[in-house]
1. Please tell me if Ala261 is assigned to a helix (DSSP H, G or I) and either without any contact (Cβ under 8 Å) to a residue 24 or more places away in the chain or more than 25 Å from Met27 (Cα to Cα) (or both).
2. Can you report the number of residues in region 267-306 which are free of Cβ contacts under 8 Å to residues at least 60 places away in the same chain and either of a type outside the set (A, V, I, L, M, F, W, C) or farther than 21 Å from Phe317 by Cβ (or both)?
3. Among the residues of region 215-254, which ones are of a type in the set (Gly, Ala, Ser) and touching a residue at least 40 places away in the same chain (Cβ under 8 Å)?
4. In region 105-161, what count of residues is obtained for those that are charged (D, E, K, R) and closer than 30 Å to Leu29 by Cβ?
5. The conditions are (1) of a type outside the set (A, V, I, L, M, F, W, C); (2) free of Cβ contacts under 8 Å to residues at least 12 places away in the same chain; (3) in contact with an Asp or Glu (Cβ under 6 Å, 6 or more places away or on another chain), and Gly153 fails exactly one of them. Which is it?
6. Would you kindly identify the strands (runs of 3 or more DSSP E) lying entirely within region 108-222 that contain at least 2 residues that are more than 23 Å from Tyr249 (Cβ to Cβ) and aliphatic (A, V, I, L, M)?
7. Kindly establish whether Ala234 is farther than 20 Å from Arg37 by Cβ, in a helix (DSSP H, G or I) and in contact with a Pro (Cβ under 7 Å, 6 or more places away or on another chain).
8. Would you check which residues across region 22-45 are at pLDDT below 95 and assigned to a loop (DSSP other than H, G, I, E, B) and list them?
Amino acid sequence: MTATTPTPTPTPTSPSAPHHQPLLRPMDLAGLRLPNRVVMAPLTRARAARDGLVPTPMHADYYGRRASAGLIITEATWVSRQAIGFADVPGIYSAEQVTAWRRVTDTVHALGGRIVMQLWHTGAASHPDHLGGRVPAGPSPVNPRTRSFTTTGFQETVTPRAMTPAEIAATVADYRAAAHNARQAGFDGVEIAALGTFLIAQFLNPRLNHRTDAYGGDRTRRRRLLLEIVDAVAEPWDGRCVGVRLGPYLAAGDLFRPDAATLADHDELVTALNDHPVAYLHLRGPDRPTPDARPDTAALARYRHRFHGPLNANNGFDRETANAAIEAGTADAVSFATHFIANPDLVTRFALSRDLATGDPTTYYGGGARGYVDHPVSTWQDNPGQQP
């Protein structure tokens, strides 16, 4: 009989041992006890009921299937009618929406999950088609030169009008009301979307914010809107459970490109967040130059050293690189977006080193169940050679 070499037993430091993967270690976040550090990132899927922008029963199914995530962050959600800038995205400003979201949170909680809501306002990146023909408002009358997804497809943005001080105050109040509604709907917290081409990022951006009042003129005044929103959103949550998502490296056209000045602005902004009730920072790192490149963790470390609370890293991570980032202390948790679309059981696949499925981009935005609630979970037969 020929002797065979026994399969080595994984050591405590081996990422192939599921219970020793840094991603699978529990942690405390915003007062929540997370069983693992695999976070579901916000994913706009455009499945809301068009009449009233209300979540449907499919939303409860979709999020419930992903309840094994350490934390679910919902798709970005409208804080008011004036915030709308993308077709078929749900809101959190009406009683009907609150009731429908309650079905979602009840489902996730019944399945052992935790879920926070991301709050969204598109500002100048909206389009008159979303606003009954009215011109969108932003920090200044500067066209952000991006596109808005409407019921007739993507359309180019227009030159907005500048928000008045009264409109800015009303917007802050809308965020406060949305945070209150999210708590009524049973969420475990909220996250403020302050990245991309949207309202808060527009105020932070010196290329779009030409104001000379208390909300523009220098980096301190440009970040005032975000900090006021943070304080307002924290009120219904008793000063806790509020995350902020930033994307200092996000390039979205000529007006939204990172450079030395905008990165320095974010240096000061991240430091300033320590003086406000921010439970965690959700940081989108740079895009990878090639599909096989590793995430730029040095870029994330720039802000890791400035923020005193937990950091959730995002963009381009897989199981190996996420485990490495947590083990190195670059991040406390890692969020995944497209991986969660086709892999509702992503935590299980990571834990058992199973292959990941790939989603169909043509089903990402809009439509029905296809590509939304029809992705199967993996089975033993899918990976018969895996190590238990």
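The values are calculated or read from the model by the stated rules, or taken from the named source; none is laboratory data. What you are looking at is a predicted structure, and each value in this text was computed from that prediction instead of being measured. Positions of Cβ are backbone-derived with ideal geometry, glycine not excepted, and every protein chain shown enters the neighbour counts.
1. yes
2. Qualifying residue count, region 267-306: 27.
3. If we filter region 215-254 for residues that are of a type in the set (Gly, Ala, Ser), which is where we start, we get 216-217, 232, 234, 239, 243, 247, 251-253.
Gly216, Ala232, Ala234, Gly243, Gly247, Ala252, Gly253, listed by residue number.
4. 2
5. Every listed condition holds for Gly153 apart from (3).
6. Values: elements: 115-120, 147-150, 153-156, 190-193.
Hits in region 108-222: 115-120.
7. Yes: the conditions hold for Ala234.
8. Answer for region 22-45, where residues must be at pLDDT below 95 and assigned to a loop (DSSP other than H, G, I, E, B): Ala30, Gly31.
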